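Asker: Once you've had a glance at the structure underneath, I'll fire off some questions.
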Amino acid sequence: MCRLVKRMCAAMLALAALAPAQAVEPGQAAPDFAIPAGAVAGAARLADLRGKVVYLDFWASWCGPCKQSFPWMAAMQARYAAQGLQIIAVNLDTDSEDGKRFLLATPAAFPVAFDPEGKLPRQYAIKGMPSSILIGRDGRVRKQHAGFNPKIQQQLEADIQSALEAQP
């Protein structure tokens with residue numbers, strides 16, 4: 001338990017250090033990123049995903065709402081992949097082994113990257129977990145959201161549907 005609390009504190013301090021970054025606003029071009037080939041379920045680069053709708057999710061193994069969001073994201077990936085949805089999850093645990101253990105219990109059906117140094121959340125000015133950024137086919141941010149619970153699933157899915165239906 002003490003180890004978990006220390007990791008939670010370290011992660012929150014790391015996120016707090018990101019606060020000076022300018023938040024990415026809807027309508028702005030999404031900062032490019034690359035997920036290395038060693039990531040779970042494959043490599044990805046935002047520039048290569050132009051023409052797809054990208055749901056970029058930031059999470060940590062100790063995050064309770066993240067445990068709820070993973071099955072939902074897997075369902076969204078399965079339901080909308082053929083229409084052009086690509087979910088990408090970015091783990092922010094300071095020890096990626098914690099994230100890998102999480103994935104053993106809660107498998108991902110989409111690419112997962114590990115960013116223990118917090119470079120990608122710094123680009124997106126992420127301040128809490130889980131946080132998600134919905135990126136349109138044109139590479140621009142459509143929506144951003146912090147937190148996850150069953151009550152918001154319908155709204156998040158509606159946002160995904162809207163992004164899939166929009167013309168780039």
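Asker: Shape call for the stretch 20-168 from the C-alpha gyration tensor, a ≥ b ≥ c root eigenvalues: rounded (a/c under 1.5), prolate (a/b greater than b/c) or oblate?
Answerer: Numbers: a/c = 1.37, a/b = 1.23, b/c = 1.12.
Rounded.
Asker: Using a 1.4 Å probe on the protein chains only, how many percent of the accessible area of the stretch 20-168 belongs to carbon and sulfur?
Answerer: That share works out to 51 percent.
Asker: Related question: Quick one: which residues, 5 or more positions from ILE87 or on another chain, have an amide H under 5 Å from its amide H? H modelled 1.01 Å from N in the peptide plane, none for Pro or chain starts.
Answerer: Answer set, sorted by chain and number: TYR55.
Asker: Using modelled backbone amide H atoms (1.01 Å from N, in-plane), which distant-in-sequence or interchain residues come within less than 5 Å of SER131's amide H?
Answerer: Answer set, sorted by chain and number: PHE58, GLY147.
Asker: May I ask you to evaluate 6.51 cos²θ - 1.76 cosθ + 1.60, the Karplus curve with θ = phi - 60°, for each residue of the stretch 153-158 and list the ³J(HN,Hα) values in order in whole Hz, giving x for glycine and proline?
Answerer: Whole-Hz 3J(HN,Hα) from phi for the stretch 153-158: 4, 4, 5, 4, 5, 4.
Asker: Return one whole number: the accessible area per residue of the stretch 27-168 in Å², for a 1.4 Å probe.
Answerer: Details: 6410 Å² over 142 residues.
Spelled out: the 1.4 Å probe surface of the stretch 27-168, per residue, equals 45 Å².
The values are calculated or read from the model by the stated rules, or taken from the named source; none is laboratory data. Keep in mind it's a predicted model, so treat the numbers as computed, not measured. For accessibility, only protein heavy atoms count, side chains too; no ligands or nucleic acids. Shrake-Rupley method; radii C 1.70, N 1.55, O 1.52, S 1.80 Å.
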